[in-house]
Amino acid sequence: MKRKSLLMAVLLAISLAPATGMAQGVSIGYPTFIDYTTWNLYGSSSVTNTTPGNGFTYSILNLTTAGAGGQAGAAFAPTPVALDYNQPFSFTFNFYTPAGSVAHGDGMTFVLTPDDPNTVNGGSPIVPSGGSDLGYGNSGFGSGFAFAIDTFHFSGEPVSPSIQILQNGSVTPIAYTETGLGSIDEPSYYQWYAVLDYTPSSSSNETGTLTGTISQFIGNLSYSVSTPVDWSTYSSMPVYYGFTAANGLADDGHYVSSAMAVPEPETWAMLLVGVGLVGWRLQGCVHKDNRSRLA
């Protein structure tokens with residue numbers, strides 16, 4: 001058990017390795033530690049910060065808990081960010097979806113919206129919407145985009161698990177990619193690394209391409225979805241960013257994590273021994289300029 005715990009710590013450390021080819025402009029996520037206890041929480045969400053003695057401090061955002069259905073949670077950064085839509089930007093985060101016991105689902109989103117989550121519900125805070133709404137649909141958001149990891153599908157929908165780009169509070173995707181996987185909570189996958197990149201057009205008209213990617217270096221897994229987007233409606237508006245998730249009749253958990261290295265020299269030595277030759281594989285998998293599209 002101790003050996004397995006160390007291995008999982010090493011895998012997490014690798015998955016959080018800093019970007020080497022990140023787009024210029026705004027970049028939110030690793031290597032900046034995100035303390036989710038400072039975020040605004042809604043619905044079923046909660047946060048745990050822990051330093052388990054393995055050289056890292058973790059902030060773990062729990063949107064829904066595995067094994068309990070009928071949950072919907074959300075969490076948003078306390079202040080919005082100003083974005084220049086004629087410049088590239090990127091957001092990164094790590095997530096994992098441990099399985100419940102009933103059925104896989106329903107999914108989670110990363111949201112970019114000019115709508116204030118504290119007032120979007122008729123002047124009141126959002127109430128995350130459950131089940132196939134992924135906490136996003138019918139919750140009050142009427143503008144912006146969301147990058148969705150959908151783990152449950154109905155007839156006529158993209159086969160889950162899939163990744164999708166959503167818009168204006170609707171859970172009908174404007175673009176999607178089916179992964180072909182049976183699930184994304186298989187234990188050996190452990191943690192996924194997600195990147196949402198924006199690449200502006202050359203027209204200086206606040207249009208461009210939004211690309212969402214999830215990667216898992218175990219098994220060399222990487223999937224991307226892209227779509228043209230127009231931000232001109234939101235010009236000069238600050239953008240709120242955060243997560244929603246729901247599990248409805250299913251009972252998967254949805255977690256987002258951030259880690260900060262605080263090792264002693266002895267811990268670094270132990271981690272390096274454990275990592276061995278694995279670390280180099282990540283750079284070809286998870287970063288925009290260096291990763292290959294392996295799916």
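A few comments on the model shown:
- Prolate/oblate/rounded label for the stretch 201-262 (Cα gyration tensor, a/c 1.5): prolate
- Shape class of the stretch 114-258 from the Cα gyration tensor (axes a ≥ b ≥ c, square roots of the eigenvalues): oblate, since a/c reaches 1.5 or more and a/b does not exceed b/c.
- Look at the alpha carbon pairs under 8 Å that are at least 6 residues apart: their mean separation over the length of the stretch 114-265 gives a relative contact order of 21 percent.
- Computed Kirkwood radius, in angstrom, where 1/r is averaged over Cα pairs of the stretch 187-232: 12.0
- Pairwise label distance in nanometres, F154 with A68, each label 7 Å out on the Cα-Cβ vector: 2.6
- In this rough spin-label picture, where each label sits 7 Å from Cα along the Cβ direction, the T50-S170 distance is 4.1 nm.
- Among V256, V120, sorting on how many other beta-carbon atoms sit within 10 Å of each Cβ, with the fewest leading, yields V120, V256.
- Global form of the stretch 50-99, assessed from the alpha-carbon gyration tensor, a/c cut-off 1.5: oblate
Read the figures in this text as sums done on the coordinates, not as results from a lab. Being a predicted model, the structure only gives us computed values, none of them experimental. For neighbour counting, all protein chains shown are included, and Cβ atoms are generated from backbone atoms with ideal geometry for every residue, glycine included.
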